[in-house]
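Comments concern the structure below.
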Amino acid sequence: MNMNISIVVALYNESESIPELVAWIERVMAEHKYSYELIMVDDGSSDASWTRIEQAAQSNPNIHAIGFRRNYGKSAALFCGFKKASGNVVITMDADLQDSPDEIPELYRMIVDEGYDLVSGWKKKRRDNRLTKNLPSKIYNATARKMTGIKLHDMNCGLKAYRSIVVKSIEVYGEMHRYIPVLAAKSGFTRIGEKPVEHRARKYGITKFGWNRFINGFLDLLSILFISRFGKKPMHLFGLLGTLMFLLGFLSIGWLGSQKLYHVHRGIRTSLVTDSPYFYLALTAMILGTQLFLSGFLGELISRNSTERNTYQIDKEL
Ligand code: UDP
Ligand code: MG
């Protein structure tokens, strides 16, 4: 029989939390009689995290772990955890005890019984530092909702459940763990649900993400939208912009030039073409247009060489 649940936990310097987290997960899994595996990915911790994991694994054969040689980031940790996961439903959660394992059964049920591809936790009542996290996080989520069209209140919640095929079909990299629902939707997994979850205060250790998460997060959002829209056809963006820009410059120069010729022909005294500010604007527009166009060609050359240029998600076949 297939395994019910794979729990993937990315962790970085969370040694105090690990024993409690593992015990809690074990309790919930036993109560509901799930077959499961717990995959802990140690993202290059410099504290005793790995030792704690080893200790936990000794008494529980369902615990597996990967330890990075250095700190690569949460996305890298999740990526490797996803690769290893073999359960029907994959649950991700943070290691810091802010996410409650008690939410797992309901998340699991939503995937299996209600047919969701992905269910994201929603920390309706956040137990974080108010000003530095809650407000920016609200603005950030509103922006992400507007730009991606995915109606989630809490895109970046660490507690999520996935149908196994979803995590096998997406590639989380860089800091894209914030946008897994977007990655999933762009891969065609659009049944995305949300469940309000309990959020607890951090009991041990400190947060690993500072204020710059919002700037980086926003830049990543732009990248993700750009790549999903134009990643396979960069010329459609750059070519269009370049052509418009070039035409603007070309027509303006044409207008200036023909005006000049007309005046010369009629013998009317006029100033030099280069005295007009429009001449320089037109010149700049033509140069920028050419560059944009060339960027498009370069983009095409790069994507032509990409191993992913013909990667598609095939859902059905007869
Ligand atoms: N984490 C990680 N690698 C990192 C940073 C964080 O695996 O480079 C883990 C961290 O140990 C925790 C989860 O990602 O389990 C969420 O991090 P944190 O609790 O610091 O984020 P916050 O809850 O403050 O958003
Ligand atoms: Mg946390």
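When segment 174-197 is filtered for residues that are part of a loop (DSSP other than H, G, I, E, B) and not aromatic (Phe, Trp, Tyr), the ones remaining, listed by number, are Gly174, Glu175, Ser187, Gly188, Thr190, Arg191. Among the residues of segment 1-20, those identified as within 16 Å of Pro61 (Cα to Cα), modelled with pLDDT of 95 or more and surrounded by fewer than 24 Cβ atoms within 10 Å (Cβ to Cβ) are Asn4, Pro19. Checking each residue of segment 224-243 against the condition of being within 16 Å of ligand 2 (Cβ to nearest atom), assigned to a loop (DSSP other than H, G, I, E, B) and of a type outside the set (A, V, I, L, M) gives no match.
Considered as a group, the residues in segment 175-232 that are under 15 Å from the mean Cα position of the chain (by Cα) and charged (D, E, K, R) include one that is farthest from ligand 1 (Cβ to nearest atom), and that residue is Arg229. When Ser46, Ser100 are checked against the criterion of being out of contact with any Asp or Glu (no Cβ under 7 Å at 6 or more places or on another chain), more than 19 Å from Ile180 (Cβ to Cβ), within 16 Å of ligand 1 (Cβ to nearest atom) and among the hydroxyl-bearing types (Ser, Thr, Tyr), a single residue qualifies: Ser46.
Taking Arg127 as the residue in question, decide whether it is over 18 Å from Asn216 (Cβ atoms), of a type in the set (D, E, K, R) and more than 16 Å from ligand 1 (Cβ to nearest atom). Taking the combined requirement at face value, the residue does not satisfy it. Condition check: in contact (Cβ under 8 Å) with a residue 40 or more places away in the chain, out of contact with any Asp or Glu (no Cβ under 6 Å at 6 or more places or on another chain) and surrounded by fewer than 19 Cβ atoms within 10 Å (Cβ to Cβ). Does Lys186 satisfy that? For Lys186, the condition - in contact (Cβ under 8 Å) with a residue 40 or more places away in the chain, out of contact with any Asp or Glu (no Cβ under 6 Å at 6 or more places or on another chain) and surrounded by fewer than 19 Cβ atoms within 10 Å (Cβ to Cβ) - is not met.
The residues on offer are Lys160, Lys186, and the sole one that is farther than 15 Å from Val119 by Cβ and in contact with a Ser or Thr (Cβ under 6 Å, 6 or more places away or on another chain) is Lys186.
Quick one: would you say Val119 is closer than 18 Å to Tyr36 by Cα and among the hydrophobic types (A, V, I, L, M, F, W, C)?
Criteria not met by Val119.
Scanning segment 30-46 for residues that are under 29 Å from the mean Cα position of the chain (by Cα) and surrounded by 14 or more Cβ atoms within 10 Å (Cβ to Cβ) yields a total of 10.
Against the numbered list (1) closer than 25 Å to Glu194 by Cα; (2) of a type in the set (A, V, I, L, M, F, W, C); (3) touching a Lys or Arg at 6+ places or on another chain (Cβ under 9 Å), Ile66 comes up short only at (1).
Restricting to segment 276-318, give me the number of residues that are assigned to a loop (DSSP other than H, G, I, E, B), of a type in the set (D, E, K, R) and either modelled with pLDDT under 90 or under 18 Å from Lys232 (Cβ atoms) (or both). Qualifying residue count for the region: 4.
Hey, among the residues in segment 1-52 that are in a loop (DSSP other than H, G, I, E, B), in contact with a helix residue (DSSP H, G or I) (Cβ under 8 Å, 6 or more places away or on another chain) and of a type in the set (D, E, K, R), which one's farthest from ligand 2 (Cβ to nearest atom)?
Residues of segment 1-52 in a loop (DSSP other than H, G, I, E, B): 1-4, 12-16, 32-35, 43-48.
Applying the additional criterion that residues be in contact with a helix residue (DSSP H, G or I) (Cβ under 8 Å, 6 or more places away or on another chain) yields 4, 12-15, 32, 34, 43.
Filter again for of a type in the set (D, E, K, R), leaving 14, 43.
On the way: Glu14: 9, Asp43: 14 Å.
For segment 1-52, the residue satisfying everything is Asp43.
Selection over segment 1-27 of residues that are in contact (Cβ under 8 Å) with a residue 12 or more places away in the chain, more than 10 Å from ligand 1 (Cβ to nearest atom) and of a type in the set (Gly, Ala, Ser) gives a count of 2. Suppose we filter segment 216-237 for residues that are of a type in the set (A, V, I, L, M, F, W, C) and more than 15 Å from Met176 (Cβ to Cβ); how many remain? Qualifying residue count, segment 216-237: 3. In segment 254-271, is there at least one residue being touching a residue at least 40 places away in the same chain (Cβ under 8 Å), surrounded by fewer than 16 Cβ atoms within 10 Å (Cβ to Cβ) and in a helix (DSSP H, G or I)? No, segment 254-271 contains no residue that is touching a residue at least 40 places away in the same chain (Cβ under 8 Å), surrounded by fewer than 16 Cβ atoms within 10 Å (Cβ to Cβ) and in a helix (DSSP H, G or I).
The values are calculated or read from the model by the stated rules, or taken from the named source; none is laboratory data. The model shown is predicted, which means the values in this text are computed figures rather than measured ones. Quick reminder, even Gly has a Cβ in these numbers, built from the backbone with ideal geometry, and neighbours come from all protein chains shown.
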